[in-house]
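The values are calculated or read from the model by the stated rules, or taken from the named source; none is laboratory data. Note that the structure is predicted; figures quoted are calculated from it, not measured. Counting neighbours? That spans all protein chains shown, and the Cβs are built from the backbone with ideal geometry, glycine included. Side chains are part of the model used for accessible areas, which takes the heavy atoms of the whole protein and leaves out ligands, DNA and RNA. Shrake-Rupley method; radii C 1.70, N 1.55, O 1.52, S 1.80 Å.
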Amino acid sequence: MSWYALDDPNDPQLDDLARQFQLHPLHIEDCRSGNERLKAEGTDHYLFLILKYIQSVQEGELGFASVYLFVGHDFLITIRDPCPSNEILQRALKAGPEEKPSRLLYLILDSIVDSYFVSIDHSDDHIDQLQDSVLDNPSPEILETLFEQKRKLIELRRVLVNLRDACMSLQRESGSILNPELYPFFRDVYDHALRLLDMVETLRDLLNNTFDVYLSSVANRTNQVMKVLTVLSTMALPALVISGIYGMNLKGLPFLESDYGTEIVVGAMVVSTGLVLWMLKRFAWL
């Protein structure tokens, strides 16, 4: 078995390998376009796969790197984007070149599927932190983070749906490329892909619930502010009424000629304000 590992889809060696193993020109074009979706296609003498794995799981970042594979009876061609590391191929490299190409394909595919669990666990922890932050401090920055996390889950779900379809295509492969003994292993990878999709859907539901909690927290905070302002306005209302009455140029108002008129009127304001405050507490409105 020959394994050709290329680090750049634009490597001229790929053209030589295409002529040697009769690789379809459209598959070579897919490798070099760099924007193809994840997929698995079979021909008479080889399988072509485009696999994607998460390159970065930092907060607010979700980068995908591509791995292109040509799997034949006695050859394996792997092509990586120039940027990603070699971590996804490590299990296959440790297995050694004496393994069958289909066995190496399983090891690579299983490593890629396992890499998604790390990202989903990271998103789960992040959403838990967002739920606590929403209750403590529902700020606009939290809302921006919620939308960013929702965008990540949508992108992750899109890739996982394609990964599920690719795993299903491998299960339906009826040619002689894949070793029949490996069919249970590919079914296991397919089950893992379904589990990942279920986890993403659960996280999306949690994120939507967190968004609802954010809106409720903002509404409750607004209601509290309006309650305080309403109480202050109600407490000041008797004083405003009294001062408004004594501000009119009318004759015959009480205490206009008294030496203690100002003190009496101010006292009436204080008493009436205290009475309103007592009524608010009495009816449990404050």
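Structure data summary
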quantity: Matching residues, the stretch 38-53, being over 13 Å from His24 (Cβ atoms) and open to solvent by 10 Å² or more (accessible area, probe 1.4 Å); calculated: Lys39, Ala40, Lys52
quantity: Top-ranked residue in the stretch 98-120 [being touching a helix residue (DSSP H, G or I) at 6+ places or on another chain (Cβ under 9 Å) and open to solvent by 30 Å² or more (accessible area, probe 1.4 Å); ranked as farthest from Leu178 (Cα to Cα)]; calculated: Phe117
quantity: Matching entry among Glu257, Glu263 (being farther than 30 Å from Trp285 by Cα, modelled with pLDDT of 80 or more and more than 60 Å from the chain's Cα centre (by Cα)); calculated: Glu263
quantity: Residue in the stretch 84-93 that is surrounded by fewer than 19 Cβ atoms within 10 Å (Cβ to Cβ) and modelled with pLDDT of 80 or more present; calculated: no
quantity: Only listed residue being more than 27 Å from Val118 (Cα to Cα) and either touching a Cys at 6+ places or on another chain (Cβ under 7 Å) or hydrophobic (A, V, I, L, M, F, W, C) (or both), chosen from Leu17, Leu6, Leu38, Leu51; calculated: Leu17
quantity: Total residues in the stretch 266-286, condition at pLDDT below 80 and either in contact with a helix residue (DSSP H, G or I) (Cβ under 6 Å, 6 or more places away or on another chain) or over 30 Å from Gln224 (Cα atoms) (or both); calculated: 1
quantity: Sole residue being more than 30 Å from the chain's Cα centre (by Cα), surrounded by 15 or more Cβ atoms within 10 Å (Cβ to Cβ) and among the polar types (S, T, N, Q), chosen from Ser272, Ser233; calculated: Ser272
quantity: The stretch 134-160, residues that are buried (at least 17 other Cβ atoms within 10 Å of the Cβ), polar (S, T, N, Q) and either touching a Lys or Arg at 6+ places or on another chain (Cβ under 6 Å) or without any contact (Cβ under 8 Å) to a residue 12 or more places away in the chain (or both); calculated: none
quantity: Among (1) part of a strand (DSSP E or B); (2) open to solvent by less than 20 Å² (accessible area, probe 1.4 Å); (3) at pLDDT 85 or above - the single one Ala5 does not satisfy; calculated: (2)
quantity: Test: residue in the stretch 226-247 that is over 30 Å from Gly72 (Cα atoms), assigned to a loop (DSSP other than H, G, I, E, B) and either at pLDDT below 85 or not charged (D, E, K, R) (or both); calculated: yes
quantity: Count of the stretch 183-225 residues which are modelled with pLDDT of 85 or more, in contact with a Leu (Cβ under 8 Å, 6 or more places away or on another chain) and among the small types (Gly, Ala, Ser); calculated: 1
quantity: The stretch 161-193, residues that are within 12 Å of Gly42 (Cα to Cα), touching a residue at least 24 places away in the same chain (Cβ under 8 Å) and open to solvent by 70 Å² or more (accessible area, probe 1.4 Å); calculated: Ser176
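Quick grid of which residues meet (1) without any contact (Cβ under 8 Å) to a residue 60 or more places away in the chain; (2) out of contact with any Asp or Glu (no Cβ under 9 Å at 6 or more places or on another chain):
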| site | (1), (2) |
| --- | --- |
| Leu6 | no, yes |
| Pro9 | no, no |
| Ser33 | yes, yes |
| Lys39 | no, no |
| Leu47 | no, no |
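Residues checked against (1) exposed (fewer than 12 other Cβ atoms within 10 Å of the Cβ); (2) in contact with a helix residue (DSSP H, G or I) (Cβ under 7 Å, 6 or more places away or on another chain); (3) touching a residue at least 40 places away in the same chain (Cβ under 8 Å):
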residue: Asn223; (1), (2), (3): yes, no, no
residue: Lys227; (1), (2), (3): no, no, no
residue: Ile242; (1), (2), (3): no, yes, no
residue: Lys251; (1), (2), (3): yes, no, no
